[in-house]
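These notes are about the structure you will find just below.
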Amino acid sequence: MTRAYWVNAFREVHDPEKLAAYVELGAPAVRKAGGRFLARGPAAGAHEAGRLERTTLIEFDSVEAAVAAYESPDYRAALDALGDGAERDIRIVEADEGTTATPGAAHFLSIYRAVHDADKVAAYRELGGPALQAEGGRFVARATASAVFEAGLRDRVVIIEFDDVEAAEAAYASAGYRKALDAFDNGAERDIRIVAPIND
């Protein structure tokens, strides 16, 4: 069975009190459904269209388990508490086959929101993956979202783990990745967030 990742990228928080009520109910509901939190809290870094907003990364045993968690009665109660308190882009993406995230690692999340030039994106991919791997990055997932909720788009999500936030930031700033970004040349809108680890 291929693991899956629930990426919850907050776009805006409208009501912190509703968010707090949601967190109190949502985390236990996700754990009860088999979710393992890898990151939770404000992003440690953001690039391109990324935001330093609350970001959650949760591992599940499968896409089906992640979807079932979102649709569970306990999580529905958390959503009722959140109401209109935030705008969130939630995507569930399948892991690369045979891959699982490493607890305690930082994660580089690349959440595509629109592709403007497929040729530029293809040129970027040829350079970007090897450049990030050369800086210590390990791909966990890179696929179109299998399921989306709320403001989520059925678009590409890439998850790469690094030993720590500093390594992820250094990889983004590296000469090799800069060449990839030159090839990318705004070929897509991406919400890139670097998230610090938690041990759940």
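Every number here is computed from the coordinates shown, using simple stated rules; none is lab data. These numbers come from a predicted model, not from an experiment. Neighbour counts are summed over all protein chains in view; Cβ atoms, including those assigned to glycine, are modelled from backbone coordinates with ideal geometry.
Can you give the local net charge around Ala183? Use residues other than it whose beta-carbon is closer than 15 angstrom to its beta-carbon, Lys and Arg +1, Asp and Glu -1.
Values: positive: Lys120, Arg125, Arg178, Lys179, Arg190; negative: Glu48, Asp117, Asp119, Glu126, Asp182, Asp185.
Around Ala183, the surrounding residues sum to -1.
Roughly how many debye, to the nearest 20, is the charge dipole of the range 4-195 about its Cα centre, given +1 on each Lys and Arg Cβ, -1 on each Asp and Glu Cβ, and no other charges?
Dipole size: approximately 80 debye.
How large is the direction-averaged shadow of the alpha-carbon convex hull of the chain, in nm²?
Mean shadow area of the hull around the Cα atoms is 10.0 nm².
Pull up the cross-link candidates among the lysines for Lys18, meaning alpha carbon to alpha carbon under 28 Å and not fewer than 8 places away within one chain.
Lys32
Sort the range 79-156 into rounded, prolate or oblate with this rule: let a ≥ b ≥ c be the square roots of the eigenvalues of the Cα gyration tensor; rounded if a/c is under 1.5, and if a/c is not under 1.5, prolate when a/b is larger than b/c, oblate otherwise.
Details: a/c = 2.31, a/b = 1.42, b/c = 1.63.
Taking the square roots of the gyration eigenvalues as a ≥ b ≥ c, the range 79-156 is oblate.
Using mean Cβ contacts within 10 Å as the protection proxy, how do 165-171, 1-7 order, highest first?
My ranking of the peptides, most packed first, is 1-7, 165-171.
Set the Förster distance to 30 Å, then compute FRET efficiency between His14 and Ala68 from the Cβ-Cβ distance, nearest 0.05. It would help to have the intermediate numbers written out before the result.
Working: r = 28 Å, r/R0 = 0.93.
After rounding, the FRET efficiency stands at 0.60.
Taking the simple approach of a point 7 Å from Cα along Cα-to-Cβ for both Ala118 and Asp164, what is their distance in nm?
4.2 nm
Note down the magnitude of the dipole of the range 37-126 about its Cα centre, charges +1 on Lys and Arg C-beta and -1 on Asp and Glu C-beta and zero elsewhere, to the nearest 20 debye.
Once rounded to the nearest 20, the dipole reads 360 debye.
Sort 30-38, 79-87 by the packing proxy (mean of other Cβ within 10 Å over each peptide's residues), most packed first.
Peptide ranking by packing, descending: 30-38, 79-87.
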